[in-house]
Amino acid sequence: MAEAAAAAEPVPPEGAGAAVPAAAAPDEKTEKAEEAAEAAPLAPIIVKKIIDEGHGGAHGGAWKIALADMMTAMMAFFLLMWLLGATNTDQRKGIADYFKPTSLTKSAITVNNTSGSTGLMGGQSIIDETALPQAAAQTGLMQVLQPRDNTGNRDSDKDKGDLSQEEKSRIASEADKANFEKLEKELKEKLSQDKELSKLKENVVFAREKEGLRIEIIDKADFSMFGLGNTKLTPKSQGLIEEIARSLAGMPNKIKVRGHTDALAFKGGDRNNWSLSAERADVTRQIISQKGVDEKRIARIEGVADTEPFVASDPLDPRNRRISITVQYRE
């Protein structure tokens, strides 16, 4: 039986006996490596954060803010320079007055205590359009000033009356400025449209002064209003003065006429540039009156000879011979 069992036991193939110890050897090494790893201390984990500064930080955004500030300041500066060059004295004064703090008078506002008294306007509403003269409606000057005393209260009734008169004068002055601009535009259009007068439009000069609007008719080398040394108007100059007079006829303002001459003196006799300039001014006054301007509107006529030259550097320049018609502000 024993022999039969031995015979029945399977016989391993060749080389199988050597494979068993070879397979067991790696398992022993792995176990030893794991034991050594468990026995060794754990190394700390270090995390390093690296920030890319972009070429050393030389191209940051701070310079953009500085450049924007500089460009804004330069734009404001050049805008200011342009405004100073593009506006006249009256326009700059108007801009400055616009930004001045003002208060509304009782004549320009109506206080309504029954509603909205706690609102932004304190219950006040601007509804009385008849509180100001008609000139205010034409110029948009519905807001007027009213001074206060040391305690912050309104002035007395007497002061209010005086101030009201001052405000009326100021409003009338603003209306005159608008009328002067209209008059100047109207005359320039008439001179441009008329075939004969269009040749003389360069001889008419408009200027603003403290008294009002000055209209000057000046001589040139190819044009003279009067004959040499006399007071006789040429047909062209008379037509020009008549056209100006028609435009002045519908205005209420006072008018001043002034005559000017050059420095060329008379040869002997009793006549001189003083009398000549005054006589030429009076001839101009007569034509203005004949064309619809009331005599009562003529404030005065003057002859100043050659004391106020148009071209100061050349007393004999023909442009020094001229007639000045000043439309004055209303008082």
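Every number here is computed from the coordinates shown, using simple stated rules; none is lab data. Values in this document were obtained by computation on a predicted structure and should not be read as measured data. Positions of Cβ are backbone-derived with ideal geometry, glycine not excepted, and every protein chain shown enters the neighbour counts.
Of all residues in the stretch 305-331, those satisfying the criterion of being surrounded by 13 or more Cβ atoms within 10 Å (Cβ to Cβ), over 17 Å from Asn203 (Cβ atoms) and either of a type in the set (Gly, Ala, Ser) or touching a helix residue (DSSP H, G or I) at 6+ places or on another chain (Cβ under 6 Å) (or both) are Ala305, Asp306, Tyr329, Arg330.
Does Gly239 fit the bill of being among the small types (Gly, Ala, Ser) and on the phi > 0 side of the Ramachandran plot?
no
Checked against the criteria, Ile218 does not count as buried (at least 18 other Cβ atoms within 10 Å of the Cβ), touching a Ser or Thr at 6+ places or on another chain (Cβ under 7 Å) and more than 16 Å from Arg297 (Cα to Cα). Give me the residue from the stretch 256-272 that is buried (at least 17 other Cβ atoms within 10 Å of the Cβ) and touching a Leu at 6+ places or on another chain (Cβ under 8 Å) and, out of that set, farthest from Leu213 (Cα to Cα). The selected residue is Asp262. Screening Ser277, Ser247 for residues that are closer than 19 Å to Glu302 by Cα, touching a residue at least 12 places away in the same chain (Cβ under 8 Å) and hydroxyl-bearing (Ser, Thr, Tyr) leaves exactly one candidate, Ser277.
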